[in-house]
Structure formats: C-alpha cells, structure tokens
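The values are calculated or read from the model by the stated rules, or taken from the named source; none is laboratory data. Every value quoted in this text rests on a predicted model; they were computed, and no experiment measured them. Here the Cβ positions follow ideal geometry from the backbone for every residue, glycine too, while neighbour counts run over all protein chains shown. What goes into the accessible areas is simple: the full protein's heavy atoms, side chains included, and nothing from ligands, DNA or RNA. Shrake-Rupley method; radii C 1.70, N 1.55, O 1.52, S 1.80 Å.
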Amino acid sequence: QVQLVESGGGLVQPGESLRLSCAASGSTISINAMGWYRQAPGKQRELVAAITSGGSTNYADSVKGRFTISRDNAKNTVYLHSNSLRPEDTALYYCNANVKSFGTPRYSYYWGQGTQVTVSS
C-alpha cells in the first residue's frame with residue numbers, strides 16, 4: 001500500500017508564494033515520475049508540473065517562470081514552489097506519483113487527497 005500526503009496549501013494574496021509538499025510512504029520500492037495537477041471548480045484536472053527520477057522537468061505554459069518543481073529522492077518527496085500567485089491559480093492541487101511497491105510486478109500511478117490553494121485579495 002502506497003500513500004501520498006500533500007501539505008502546504010492555504011489562502012494567499014495575489015503576488016505571494018506557497019510551497020507545496022507531497023511525501024510518499026508505505027511499501028515503496030522505487031518512484032519514477034512525480035507531478036502536481038490541479039482542478040478548479042467546473043474545470044478538468046490539468047497537469048501543472050512533473051519531474052522524472054533523474055530531475056527532468058516540464059511545466060504547463062500558464063506556470064512557466066513562476067512555479068518550480070523539485071524532489072528529494074531520499075525522502076520520497078516532491079515539492080512545488082509557486083511564486084507570483086494569481087487568482088486563476090486557485091484550485092485543489094493533487095500530487096501524483098508512479099510507484100513500484102512490494103508485491104507488485106510493475107509501476108502504478110497513485111494520487112494524493114489534494115490540498116487547496118486559494119489566491120484572493
């Protein structure tokens with residue numbers, strides 16, 4: 001069993017910053033790609049940023065230059081540093097990870113429960 005637990009969301013004003021964290025725990029052998037997605041009310045879930053185990057990254061156009069994804073492989077943790085936040089960044093942010101766990105022959109995708117980010121003055 002693998003769990004992803006997010007933290008760091010909250011209410012901020014436009015222009016401010018937040019750091020989201022997501023830690024994987026449980027029967028984890030290896031983690032491949034990790035990423036952050038978000039879903040605003042009435043909209044589809046979208047990819048915000050992703051990072052491979054080797055450190056290669058990709059970002060949604062809407063966050064390039066403002067958000068930075070990083071990971072600590074020793075801690076099985078991925079971070080999202082979000083700067084210059086805008087009202088349109090308001091959403092429920094989900095962590096996603098591609099994990100191989102004990103007793104399974106292949107990698108599977110897991111989701112966290114989500115952490116709310118609200119940007120409002």
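Numbers for the structure displayed
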quantity	calculated
Qualifying residue in region 55-72 (condition: open to solvent by 50 Å² or more (accessible area, probe 1.4 Å), under 12 Å from the mean Cα position of the chain (by Cα) and among the acidic types (Asp, Glu))	no
LEU18 being loosely packed, with under 13 Cβ neighbours inside 10 Å, touching a strand residue (DSSP E or B) at 6+ places or on another chain (Cβ under 7 Å) and over 16 Å from TYR109 (Cβ atoms)	no
Test for ASP89: is it at pLDDT 95 or above, out of contact with any strand residue (DSSP E or B) (no Cβ under 8 Å at 6 or more places or on another chain), on the phi < 0 side of the Ramachandran plot and acidic (Asp, Glu)	no
Matching residues, region 4-15, being farther than 18 Å from LEU92 by Cβ and surrounded by 13 or more Cβ atoms within 10 Å (Cβ to Cβ)	PRO14
Residue satisfying all of: in region 82-107; in a strand (DSSP E or B) and over 22 Å from GLN44 (Cα atoms); most open to solvent (accessible area, probe 1.4 Å) among these	LYS100
Tally of residues being closer than 14 Å to ILE51 by Cα and among the acidic types (Asp, Glu) across region 74-121	0
Region 24-51, residues that are in a strand (DSSP E or B) and either exposed (fewer than 13 other Cβ atoms within 10 Å of the Cβ) or more than 10 Å from the chain's Cα centre (by Cα) (or both)	ALA24, SER25, GLY26, THR28, ILE29, SER30, ILE31, ASN32, ALA33, GLN39, GLU46
Test: residue in region 9-27 that is β-branched (Val, Ile, Thr) and in contact (Cβ under 8 Å) with a residue 40 or more places away in the chain	yes
